[in-house]
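Q: For reference, the structure I am asking about is given below.
The values are calculated or read from the model by the stated rules, or taken from the named source; none is laboratory data. Worth saying up front: this structure is predicted, and the values here are computed from it rather than measured. Cβ placement follows ideal geometry from the backbone for every residue including glycine, while neighbour counts extend to all protein chains displayed.
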Amino acid sequence: MFVGEAPGFHEDQQGLPFVGQAGKLLDGLLAGIGLARSDVYITNVLKSRPPGNRDPQIEEIEACEGYLFRQIATIEPTVVATLGNFATKLLSGKPAGITRVHGVEQPTTLGGRDLLLYPLYHPAAALYTPAMLRVLEEDFGRLPGLLGRTPPREILPTPASFPPARAAEPAVQLGLF
């Protein structure tokens, strides 16, 4: 499962995630590790495009996070690859940015499910900074080895249900805004 930030212009027009230039790059990165879009589930933290393509606001994340956690519970992924800062910070529950944590799996529990969280740079980063493509390719190259692995249960919390909606203060502390 891949989780991005929010729909962009093309995604908003078509109602599908990652169909613009970043989506084409994502398709290429998937092909590079022997996967196709039909092999994975792709979604976003926000379910609609923020005005002016601005960064998501706390209220928008809080309004959509319950739906995202239900998607995770329904899909039952073994690996959730976060694409960029917003998805990484929300799903890890930690303030560390993508630059510090990309390419390193983190055992966690999401939507009541033990899995591996795998932070990745957003494919759009490589569109703006071509040197980033090499980093993305290297990080994507580790994904096949993560599939099918089971996170060690002894270090994971096991919540009884979905996490409660986050209050505004903790999200600010996570550095989302």
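Q: Which of the residues that make up the range 101-135 are among the charged types (D, E, K, R) and either assigned to a loop (DSSP other than H, G, I, E, B) or touching a residue at least 12 places away in the same chain (Cβ under 8 Å) (or both)?
A: The initial filter retains those residues of the range 101-135 that are among the charged types (D, E, K, R), namely 105, 113-114, 134.
Matches in the range 101-135: Glu105, Arg113, Asp114.
One line per residue, one yes/no per condition, for (1) buried (at least 19 other Cβ atoms within 10 Å of the Cβ); (2) closer than 21 Å to Cys64 by Cα:
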| position | (1), (2) |
| --- | --- |
| Val3 | yes, yes |
| Gly8 | yes, yes |
| Gln13 | no, yes |
| Phe18 | yes, yes |
| Lys24 | no, no |
| Gly28 | no, no |
| Ala36 | no, no |
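Q: Continuing with this model, one more query. Being of a type in the set (Lys, Arg) and either in contact with a strand residue (DSSP E or B) (Cβ under 6 Å, 6 or more places away or on another chain) or loosely packed, with under 15 Cβ neighbours inside 10 Å (or both): is that true of Arg70 here?
A: yes
Q: A follow-up question, please. Scan the range 92-116 residue by residue and report those that are among the polar types (S, T, N, Q) and closer than 24 Å to Arg70 by Cα.
A: Residues of the range 92-116 among the polar types (S, T, N, Q): 92, 99, 106, 108-109.
Those that are among the polar types (S, T, N, Q) and closer than 24 Å to Arg70 by Cα: Ser92, Gln106, Thr108, Thr109.
Q: Report yes if some residue within the range 22-38 is under 12 Å from the mean Cα position of the chain (by Cα) and at pLDDT 95 or above; otherwise report no.
A: In the first step, residues of the range 22-38 are kept if they are under 12 Å from the mean Cα position of the chain (by Cα); the result is none.
Within the range 22-38, not a single residue is under 12 Å from the mean Cα position of the chain (by Cα) and at pLDDT 95 or above.
Q: Looking at Lys24 and the list (1) in a helix (DSSP H, G or I); (2) closer than 19 Å to Leu136 by Cα; (3) touching a Ser or Thr at 6+ places or on another chain (Cβ under 8 Å), which single condition is not satisfied?
A: (3)
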